[in-house]
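The values are calculated or read from the model by the stated rules, or taken from the named source; none is laboratory data. Keep in mind that this is a model prediction, so the values were computed, not measured. Here the Cβ is made from the backbone with ideal geometry for all residues, glycine too, and neighbour counts use every protein chain on show.
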Amino acid sequence: MLTLVVEQVLNGLQLGLMLFLLAAGLTLVFGIMDMINLAHGSLYMIGAYLAATVAEASGSFVAAIVAAVVGTAVIGMALELTVLRPLYRRSHLHQVLATFALILIANELVRIIWGAQPVALNMPAALSGPVELAPGLRYPAYRLVVIGVGLAAALLLYVVVAHTRVGMWLRAGASDREMAGAMGVNTAWLFTAAFGAGAALCAVAGALLGPLLAVQVGMGENILILAFVVIVIGGIGSVRGALVGALLVGLLDTAGRTLLPALFRALAPPAVASEVGPALASILIYVLMAGVLYFHPRGLFPARG
């Protein structure tokens with residue numbers, strides 16, 4: 001039983017950290033630019049496809065991640081400069097419609113370039129086996145690396161946001177972008193850099209999750225919904241809130257999908273338990289979101305301003 005609990009905690013930590021990589025960029029973009037970007041999940045998808053392509057061509061997983069990060073960041077900044085910048089002064093409805101159109105365009109472009117079938121992204125052979133963490137507790141080495149990279153990215157983002165001049169500009173822009181501009185902050189450059197950084201974080205998540213999930217057209221939509229749940233729970237515009245919300249969602253989702261079906265198998269016939277358990281587990285995170293919004297309408301750690 002203890003082994004199962006530890007495994008599920010590690011699985012939840014892995015999912016939570018990957019959700020944080022997506023949610024951090026999404027919450028920065030919304031907090032600083034007041035921009036609803038539904039195409040954020042498409043950048044995650046593009047990062048996964050770029051990583052798969054470079055990994056197949058070069059045989060190096062590290063090179064694949066680097067290429068995916070750079071390529072997706074460039075694509076993200078190009079989108080911000082050409083498509084999204086004119087939308088800053090438009091209503092949220094216009095932003096939703098425009099970025100939803102970007103989702104459709106991205107899906108069709110990916111289908112044209114890579115085809116409709118899923119693309120393989122293999123994990124490094126050296127990380128394909130398990131690691132013995134304790135007697136009787138073996139855990140996949142690759143998943144441990146994913147957790148380590150996620151923790152390192154979260155720490156790096158915290159240092160940048162909390163202890164650098166760029167982070168000070170980001171916090172100022174999130175609190176009051178008009179005042180930040182009046183104080184000499186180049187908000188145009190800030191917006192482009194923030195969008196590029198968010199796209200790069202998406203690429204890291206896409207490249208790391210590619211070997212664990214299917215790299216396929218439309219893979220960004222479902223995880224985008226989870227990312228929005230994360231920032232609503234944590235507080236829009238708050239990186240700390242994104243981290244806490246992501247970990248809560250990751251741990252709750254993983255625990256629910258493991259424990260609820262087992263609980264229902266003990267209380268109901270197997271046929272009923274196999275259907276009801278997973279269905280209830282999938283709505284737990286939305287119950288959590290509703291509870292947080294009831295007691296904290298602006299999220300657990302709302303951005304100031």
In the range 294-305, anything touching a helix residue (DSSP H, G or I) at 6+ places or on another chain (Cβ under 7 Å) and either free of Cβ contacts under 8 Å to residues at least 12 places away in the same chain or on the phi > 0 side of the Ramachandran plot (or both) is listed as Gly299, Gly305
Tell me, which residue of the range 213-259 that is within 30 Å of Ile112 (Cα to Cα) and among the polar types (S, T, N, Q) is surrounded by the most Cβ atoms within 10 Å (Cβ to Cβ)? Gln216
Take Ala203 and decide whether it is within 30 Å of Arg111 (Cα to Cα) and buried (at least 23 other Cβ atoms within 10 Å of the Cβ). yes
Can you tell me which condition Arg90 does not meet? The list is (1) farther than 26 Å from Phe61 by Cβ; (2) assigned to a helix (DSSP H, G or I), and all the others hold. (2)
Residue count for the range 109-141, restricted to those that are in contact with an Asp or Glu (Cβ under 9 Å, 6 or more places away or on another chain), more than 19 Å from Ile46 (Cα to Cα) and either at pLDDT 85 or above or among the basic types (Lys, Arg) (or both): 2
Criterion (in contact with a Leu (Cβ under 9 Å, 6 or more places away or on another chain) and of a type outside the set (D, E, K, R)) met by exactly one of Val145, Val110: Val145
Quick one: which residue in Leu102, Leu144 is surrounded by 18 or more Cβ atoms within 10 Å (Cβ to Cβ), modelled with pLDDT of 85 or more and outside any loop (DSSP other than H, G, I, E, B)? Leu102
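Conditions tested, residue by residue: (1) within 16 Å of Ala203 (Cα to Cα); (2) surrounded by fewer than 19 Cβ atoms within 10 Å (Cβ to Cβ); (3) touching a Gly at 6+ places or on another chain (Cβ under 9 Å).
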site: Leu13; (1), (2), (3): no, no, yes
site: Leu26; (1), (2), (3): yes, no, yes
site: Met35; (1), (2), (3): no, no, no
site: Ala39; (1), (2), (3): yes, no, yes
site: Ile46; (1), (2), (3): yes, no, yes
site: Pro86; (1), (2), (3): no, yes, no
site: Ser91; (1), (2), (3): no, yes, no
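Just name the residue that is modelled with the highest pLDDT out of those in the range 148-182 that are surrounded by fewer than 15 Cβ atoms within 10 Å (Cβ to Cβ) and either within 19 Å of Gly235 (Cβ to Cβ) or touching a Leu at 6+ places or on another chain (Cβ under 7 Å) (or both). Can you show your working first?
At the first step, the residues of the range 148-182 found to be surrounded by fewer than 15 Cβ atoms within 10 Å (Cβ to Cβ) are 148, 151-152, 155-156, 159, 162-166, 168, 176, 178-179, 182.
Now restrict to residues that are either within 19 Å of Gly235 (Cβ to Cβ) or touching a Leu at 6+ places or on another chain (Cβ under 7 Å) (or both): 151, 162, 176.
Working: Leu151: 92, Ala162: 80, Asp176: 69.
Selected residue: Leu151.
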If we scan the range 283-293, do we find a residue that is under 23 Å from Ala39 (Cα atoms), surrounded by 15 or more Cβ atoms within 10 Å (Cβ to Cβ) and in contact with a helix residue (DSSP H, G or I) (Cβ under 7 Å, 6 or more places away or on another chain)? yes
Tell me which residues, restricted to the range 176-224, are touching a residue at least 12 places away in the same chain (Cβ under 8 Å), over 27 Å from Arg165 (Cβ atoms) and of a type in the set (A, V, I, L, M, F, W, C). Ala207, Leu208, Leu209, Leu212, Ala214, Val215, Val217, Met219, Ile223, Leu224
Say whether the condition of being farther than 30 Å from Leu2 by Cα and either touching an Asp or Glu at 6+ places or on another chain (Cβ under 8 Å) or not in a helix (DSSP H, G or I) (or both) is met by at least one residue in the range 156-170. yes
Filter the range 21-41 for residues that are at pLDDT 90 or above, closer than 19 Å to Leu93 by Cα and in a helix (DSSP H, G or I) and give the result. His40, Gly41
Every residue in the range 112-141 that is in contact with a Pro (Cβ under 7 Å, 6 or more places away or on another chain), part of a strand (DSSP E or B) and not aromatic (Phe, Trp, Tyr), please. Pro130, Arg138, Pro140
Name the residue, out of Leu81, Leu109, that is surrounded by fewer than 16 Cβ atoms within 10 Å (Cβ to Cβ), without any contact (Cβ under 8 Å) to a residue 24 or more places away in the chain and part of a helix (DSSP H, G or I). Leu109
